[in-house]
Amino acid sequence: MTVKHILSGVCMAAFIMGTVLGQGQKADAAEKKVYVTKGESVTIKVKKATRKTKWKSSKKKIIKLARGKNSLTIKGKKKGKTTISARIAGKKYKYKVVVEKPSISKEEISMEVGKTATIKIKGTKRKYKWKSNNPSVVKVNGTSGKITSLSEGLADVSAKIGKTEYSCSVTVKNVPEEEKPLAKVPSGYLSEIKEKGRVTTVQYDGTQANGTKVKKLAYVYLPYGYDEKKEYDIIYCLHGGEGDTKAYLGTNDNPGNVKKLLDHMILNKDIKPVIAVAPTYYTSSSDGSNMGTAVSKIENFTKNELVNDLIPAVEGKYSTYAKTTDLQGLKDSRKHRGYTGFSMGSLSTWRTFLNSSDYFCFFMPMSGDCWVNGVSNAGKAAEELENYCKKKGYGEEDFFIYAVTGSKDIAYSAMKAQIDKMKKISPSFHFISESSPKGNISFRVQPGATHSFAYLPLYFYNGLPKYFK
Ligand code: FER
């Protein structure tokens, strides 16, 4: 930078500062307000002032004055306001002096790439300008103090008031890939449209662990233009604790959000037309209030009822890739069958992987971990899942799991613990990442999402296109 540039920079800064006097700057007698920081001094220019000029101060405790030739130096002793005046060559001079004790709102910030934060200096009326010493890591708006992090690293963001530089040290970390926000559900995707699928029901007898049969009902979504001469992929969607068969699809007259989402996703070719089934692992309406019952009912459902009773009832009636609904027919069509569930339905998804993956290829556990013998245990789950894959000889192409939850979900810590353990001790699971896009499992965490059914459309919107590829 040339001297000329520096000078023009100084003039520019002085122009921006207006009538506010900075430390060491000379004030013209016409300027009436003087700011000084406690512990610092400001020298103002006062024509014809001498070392003997008598200055009167309204509050002596606040400032200390040092008289000079054509100048006056004001030192800030204590936070507060005062006025000073003097008569010089018959003319009266008066200044309002404000002693400030500025402080920065944050001295340290730790943030993830792409996030924003705002810093301020409290306790000052003076103008100041923020700057970043590492603008490729952190950029800052000079006036508002809004910080945006751009890349991993360290940066100091600072502003000078008087003689003091106020500085905030910013540490920027990359967002873990799995905690990046999911793609938003496009607006309008939860509205009803003309090209809509139909929700119908299928009744069947569900065989229980003790061999008795229970009358069961499942809701079935048939996509718009369903044609029994065609073959359709199919997904089974299981509700959570205390939920029911209406949780995903609703009914034909009162469609649920997932049903409406499917209509849009199919219409817009986000996915191929698909049949969706919403059954229940419960056998009576009182089951929902009992966790222990849910665990054992889920075990029977995923091991027996699903494959022996439900799938034959649904896929015997509607056209899927299953040429027959005996076990061989279901095995041969497993690449066209998926299973998903939320919360306790997520437990049922993991259990279906372990009990019935001969007949299913795609799994989307949402906000629930894989319990072993009815309890959450990351180590045992990772071990059981790994042993199972080894026994089956499963490689990268043999299944796909899209496990998803929210950072504020009550299932987050258990699910994350299980996934972390799997990454350590379950080599059959190949986790997908940006650097290794091929694999058989992906774990995603939606920032801020809680344990709520409200996130189902978001999870389906992001997960379903990974099915049936
Ligand atoms: C989990 C957290 C919560 C989980 C299930 C729940 C299967 C179920 C809660 C409920 O139904 O109240 O990790 O895993």
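For Leu182, indicate whether it is under 19 Å from Leu464 (Cβ atoms) and out of contact with any strand residue (DSSP E or B) (no Cβ under 9 Å at 6 or more places or on another chain).
No, not satisfied.
Going by what's in this entry, would Ser348 be described as small (Gly, Ala, Ser), within 16 Å of the ligand (Cβ to nearest atom) and closer than 23 Å to Asn308 by Cα?
yes
Among the residues of the stretch 155-167, write down those that are in contact with a Ser or Thr (Cβ under 7 Å, 6 or more places away or on another chain) and part of a strand (DSSP E or B).
Scanning the stretch 155-167 gives Ala155, Asp156, Val157, Ser158, Ile161, Thr164, Glu165, Tyr166, Ser167.
May I ask you to verify whether Asp398 is of a type in the set (Asp, Glu), loosely packed, with under 15 Cβ neighbours inside 10 Å and more than 16 Å from the ligand (Cβ to nearest atom)?
Judged against the criteria, Asp398 is not a match.
Within the group Ile441, Ile410, which residue is surrounded by fewer than 18 Cβ atoms within 10 Å (Cβ to Cβ) and not polar (S, T, N, Q)?
Ile410
Going through Pro176, Pro186 one at a time, which residue ends up being modelled with pLDDT under 95, over 30 Å from Asp309 (Cα atoms), under 37 Å from the mean Cα position of the chain (by Cα) and surrounded by fewer than 14 Cβ atoms within 10 Å (Cβ to Cβ)?
Being modelled with pLDDT under 95, over 30 Å from Asp309 (Cα atoms), under 37 Å from the mean Cα position of the chain (by Cα) and surrounded by fewer than 14 Cβ atoms within 10 Å (Cβ to Cβ) holds for just one of Pro176, Pro186, which is Pro176.
So is Asp287 within 16 Å of the ligand (Cβ to nearest atom) and in contact with a Lys or Arg (Cβ under 8 Å, 6 or more places away or on another chain) or not?
Spelling it out, Asp287 is indeed within 16 Å of the ligand (Cβ to nearest atom) and in contact with a Lys or Arg (Cβ under 8 Å, 6 or more places away or on another chain).
So for the stretch 265-277 (the condition being farther than 22 Å from Phe360 by Cβ, modelled with pLDDT under 95, of a type in the set (A, V, I, L, M) and out of contact with any Lys or Arg (no Cβ under 8 Å at 6 or more places or on another chain)), does at least one residue qualify?
Checking the stretch 265-277: not a single residue is farther than 22 Å from Phe360 by Cβ, modelled with pLDDT under 95, of a type in the set (A, V, I, L, M) and out of contact with any Lys or Arg (no Cβ under 8 Å at 6 or more places or on another chain).
Inside the stretch 228-244, can you point out the residues that are within 16 Å of the ligand (Cβ to nearest atom) and buried (at least 21 other Cβ atoms within 10 Å of the Cβ)?
Passing the criteria: Cys237, Leu238, His239, Gly240.
Looking only at the stretch 401-415, which residues are near the ligand (Cβ under 10 Å from one of its atoms) and more than 17 Å from Gly240 (Cα to Cα)?
Residue satisfying the conditions is Ser413 alone.
Is it the case that the stretch 135-142 has a residue that's under 25 Å from Gly76 (Cβ atoms) and of a type outside the set (A, V, I, L, M)?
no
Right, Leu464: within 16 Å of the ligand (Cβ to nearest atom) and either touching a residue at least 24 places away in the same chain (Cβ under 8 Å) or of a type in the set (Lys, Arg) (or both) or not?
In short, no.
For Gly225, work out the one condition from (1) small (Gly, Ala, Ser); (2) surrounded by 14 or more Cβ atoms within 10 Å (Cβ to Cβ); (3) touching a residue at least 24 places away in the same chain (Cβ under 8 Å); (4) more than 26 Å from His239 (Cβ to Cβ) it doesn't fulfil.
(2)
Go through the stretch 362-384 and give me each residue that's away from the ligand (no atom under 13 Å from the Cβ), of a type outside the set (Phe, Trp, Tyr) and crowded, with 20+ Cβ neighbours inside 10 Å.
Within the stretch 362-384, Met364, Ala382 qualify.
From the set of residues in the stretch 22-46 that are crowded, with 17+ Cβ neighbours inside 10 Å, modelled with pLDDT of 50 or more and not in a strand (DSSP E or B), which is farthest from the chain's Cα centre (by Cα)?
Per the criteria, the residue is Val46.
Return the only residue of Pro279, Pro255, Pro273 being touching a Leu at 6+ places or on another chain (Cβ under 6 Å) and more than 16 Å from the ligand (Cβ to nearest atom).
Being touching a Leu at 6+ places or on another chain (Cβ under 6 Å) and more than 16 Å from the ligand (Cβ to nearest atom) holds for just one of Pro279, Pro255, Pro273, which is Pro279.
The values are calculated or read from the model by the stated rules, or taken from the named source; none is laboratory data. Keep in mind the model is a prediction, meaning the values are calculated, not measured. Here Cβ is always computed from backbone atoms with ideal geometry, including for glycine, and neighbour counts include all displayed protein chains.
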